[in-house]
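A.B. asks: Before I ask anything, let me first share the structure, which is written out below as structure tokens.
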Amino acid sequence: MNDNVLRYVKRIFNIVTLLGLLATIIGSIYLWRLGAFQNQTILQQLILAHRYLGPLIFFCMQIIQVIVPIIPGGLTMAAGVLIFGPVWGFVYNYVGIALGSFLLFHFGRKYGQTLVHTFVKEKTYNKYMGWLDKGQKRFNIIFALLILSPIAPDDALVLIASQTKMSWRFLFWTIILCKPLPIFLYSYLLIFGGGFLTHFL
């Protein structure tokens, strides 16, 4: 992938992100006018009106938002639990984000540093790549610990890791074993934390 192609990719990425942001704002206003934010039942009925299509769209959205962050991941995780319940909401979040992470790692490996620099700031890239100065093993350990954290920039970390000698096996088991905790914490913190603030205010 040459620089000209990547410039177009970055331009398209920015346009899609902007359109996604506008769609999120318009959609939020629409849902607010319907009363979906004031009444969880209305929101659930809208999504679950189509028994299979609703979950499928949400699942695909979780995969895509890892690769192209159209909508903030934290919002979609909380929405998954609110709409589908604690069990299926967690399942859709977990599997969708895991698959998105694997695809992101694959694209990073396939298209190299030029693609990574298109989506990751140079300062961020240099910061995390600096871990390699003390060896791949240390990099892997810190990577796993950050993936376990609910506040780490996971998508950027996965792209950066694709430029190291990290094995697919290590990445797979790190995502599978470390992702559940931050997804659980982040989802429920947004839900119950938001409810607490609303009650407090």
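The values are calculated or read from the model by the stated rules, or taken from the named source; none is laboratory data. Predicted model, so just to flag it, every value in this text is computed and none were measured. With ideal geometry, Cβ positions are generated from the backbone for all residues, glycine too; neighbour counts draw on all protein chains shown. Surface accessibility is based on the protein's heavy atoms, side chains included, excluding ligands, DNA and RNA. Shrake-Rupley method; radii C 1.70, N 1.55, O 1.52, S 1.80 Å.
A.B. asks: At 1.4 Å probe size, with no ligands or nucleic acids counted, give the accessible surface of His106 in Å², nearest ten.
C.D. replies: Approximately 80 Å² for this residue.
A.B. asks: Can you pull the Rg over Rh of the range 78-201, Cα-only, Kirkwood?
C.D. replies: Across the range 78-201, the Cα-based Rg/Rh ratio is 1.04.
A.B. asks: Accessible area of the range 61-192 with a 1.4 Å probe: how many percent of it is carbon plus sulfur?
C.D. replies: 70
A.B. asks: Now for a different question. Net charge within 12 Å of Gln163 by Cβ-Cβ distance, Lys/Arg positive one each and Asp/Glu negative one each, not counting Gln163 itself?
C.D. replies: Its environment carries a net charge of +3.
A.B. asks: Can you tell me the order of 153-164, 88-99, 119-130, 137-148 when each peptide is scored by its average per-residue count of other Cβ atoms within 10 angstrom, highest first?
C.D. replies: 153-164, 88-99, 137-148, 119-130
A.B. asks: Counting heavy atoms of the protein chains only and a 1.4 Å probe, report the per residue accessible area for the range 71-187 as a whole number of Å².
C.D. replies: With all protein chains present, the range 71-187 gives 50 Å² per residue.
A.B. asks: Shifting gears a bit: Calculate one ³J(HN,Hα) per residue across the range 52-64 by plugging θ = phi - 60° into the Karplus curve 6.51 cos²θ - 1.76 cosθ + 1.60, and present them in order as whole Hz with x for glycine and proline.
C.D. replies: 9, 5, x, x, 5, 4, 5, 4, 5, 4, 5, 5, 5
A.B. asks: With label points built 7 Å along Cα→Cβ from the Cα atoms of His106 and Leu56, find their separation and express it in nm.
C.D. replies: Those two pseudo-labels are separated by 2.0 nm.
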